[in-house]
Amino acid sequence: QIQLVQSGPELKKPGESVKISCKASGYTFTDYAMHWVKQAPGKGLKWMGWINTYTGKPTYADDFKGRFVFSLEASASTANLQISNLKNEDTATYFCARAYMDAWGQGASVTVSS
Amino acid sequence: DVVLTQTPPTLSATIGQSVSISCRSSQSLLHSNGNTYLNWLLQRPGQPPQLLIYLVSRLESGVPNRFSGSGSGTDFTLKISGVEAEDLGVYYCVQSTHAPLTFGSGTKLEIK
């Protein structure tokens, strides 16, 4: 069956970087784009952008331009999210979701604290 | 950006009760290709969201048929006909007709 499995929780200090992975299985990875969604503690869902898994072209929402990078390891059916120069407000759970939002990763928790 | 306004923000229901959640858009969600890209998601406590309804009214595979979606243009409704205990959580509408994709603020369903 279709599965998106994300990497584990991360505890980072301000200014550090983090890379979150999202491994897909059960379908042809390059047939469906991948979204990234942020959920701060106790808050709603915020769309970060998406990546075309066929061409590798990323599209970022305005609030996520600059420190956020979407990338692929297509041979491994994996999408990655890298956040650099971490800030306290990056503390959140980050979800990957397949193109039509019909499959979601379990979420990856990132905590930024000095 | 398209703003999706969900009401009510919280909803308390007894088992078997029917409830409705409204999602109003700041602009029409009818795409030039004739589709309306308005979906409904449920996020149970401690879980990732799951897709319930897509394209306004199409039931996602495996989702119980007590869930139904309706609406057009800027006004959309999710109805649960006979709430069950497993339906508790936060419901979100989400649109992808217009970039950027946006989510509603959520409606929390509590079971009395």
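Computed quantities for the displayed model
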{"quantity": "Breaking point among (1) of a type in the set (Phe, Trp, Tyr); (2) over 27 Å from B:GLY106 (Cα atoms); (3) modelled with pLDDT under 95, for A:PHE29", "calculated": "(3)"}
{"quantity": "Test: residue in the range B:61-72 that is within 14 Å of chain A (Cβ to nearest Cβ), touching a helix residue (DSSP H, G or I) at 6+ places or on another chain (Cβ under 8 Å), of a type outside the set (Phe, Trp, Tyr) and open to solvent by less than 40 Å² (accessible area, probe 1.4 Å)", "calculated": "no"}
{"quantity": "Residue, surrounded by the fewest Cβ atoms within 10 Å (Cβ to Cβ), within the range A:1-12, restricted to residues that are under 19 Å from A:TYR100 (Cβ atoms), in contact (Cβ under 8 Å) with a residue 40 or more places away in the chain and not hydrophobic (A, V, I, L, M, F, W, C)", "calculated": "A:GLN3"}
{"quantity": "Among (1) surrounded by 13 or more Cβ atoms within 10 Å (Cβ to Cβ); (2) within 14 Å of B:THR14 (Cα to Cα), the one test that B:VAL90 misses", "calculated": "(2)"}
{"quantity": "Failed item in (1) open to solvent by 50 Å² or more (accessible area, probe 1.4 Å); (2) hydrophobic (A, V, I, L, M, F, W, C); (3) under 16 Å from B:GLN27 (Cα atoms), with B:PHE76 passing the rest", "calculated": "(1)"}
{"quantity": "Answer residue from the range A:69-89, given it is without any contact (Cβ under 8 Å) to a residue 24 or more places away in the chain and farther than 13 Å from A:CYS22 by Cβ and is most open to solvent (accessible area, probe 1.4 Å) among those", "calculated": "A:SER75"}
{"quantity": "Failed criterion for A:MET34 (all others in (1) touching a helix residue (DSSP H, G or I) at 6+ places or on another chain (Cβ under 6 Å); (2) away from every other protein chain (no Cβ under 11 Å) hold)", "calculated": "(1)"}
{"quantity": "Total residues in the range A:13-31, condition open to solvent by 50 Å² or more (accessible area, probe 1.4 Å) and either within 13 Å of chain B (Cβ to nearest Cβ) or not hydroxyl-bearing (Ser, Thr, Tyr) (or both)", "calculated": "7"}
{"quantity": "The lone exception for B:ARG24 - which of (1) within 14 Å of another protein chain (Cβ to nearest Cβ); (2) touching a residue at least 40 places away in the same chain (Cβ under 8 Å); (3) not hydroxyl-bearing (Ser, Thr, Tyr) it fails", "calculated": "(1)"}
{"quantity": "Given (1) in contact (Cβ under 8 Å) with a residue 12 or more places away in the chain; (2) within 14 Å of chain A (Cβ to nearest Cβ); (3) over 15 Å from the mean Cα position of the chain (by Cα); (4) over 18 Å from A:TRP104 (Cβ atoms), number of the condition B:GLY82 does not satisfy", "calculated": "(2)"}
{"quantity": "Per-region count, the range B:36-60, residues more than 18 Å from A:ILE2 (Cβ to Cβ), open to solvent by less than 50 Å² (accessible area, probe 1.4 Å), within 11 Å of chain A (Cβ to nearest Cβ) and not in a strand (DSSP E or B)", "calculated": "1"}
{"quantity": "All positions within the range A:43-68 that are of a type in the set (A, V, I, L, M, F, W, C), assigned to a strand (DSSP E or B) and open to solvent by less than 70 Å² (accessible area, probe 1.4 Å)", "calculated": "A:TRP47, A:MET48, A:ILE51, A:PHE68"}
{"quantity": "Qualifying positions in the range B:99-112 - within 12 Å of chain A (Cβ to nearest Cβ) and either modelled with pLDDT under 95 or open to solvent by 50 Å² or more (accessible area, probe 1.4 Å) (or both)", "calculated": "B:ALA99, B:SER105, B:LYS108"}
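Condition check ((1) more than 27 Å from A:GLY105 (Cα to Cα); (2) of a type in the set (S, T, N, Q)) across all residues:
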residue	(1), (2)
B:VAL2	no, no
B:GLN6	no, yes
B:GLN17	yes, yes
B:ARG24	yes, no
B:LEU41	no, no
B:ARG44	no, no
B:GLN50	no, yes
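The values are calculated or read from the model by the stated rules, or taken from the named source; none is laboratory data. Remember, predicted model here, so these are calculated numbers, not experimental data. Counting neighbours? That spans all protein chains shown, and the Cβs are built from the backbone with ideal geometry, glycine included. Only protein heavy atoms, including side chains, enter the accessible area calculation; ligands, DNA and RNA are left aside. Shrake-Rupley method; radii C 1.70, N 1.55, O 1.52, S 1.80 Å.
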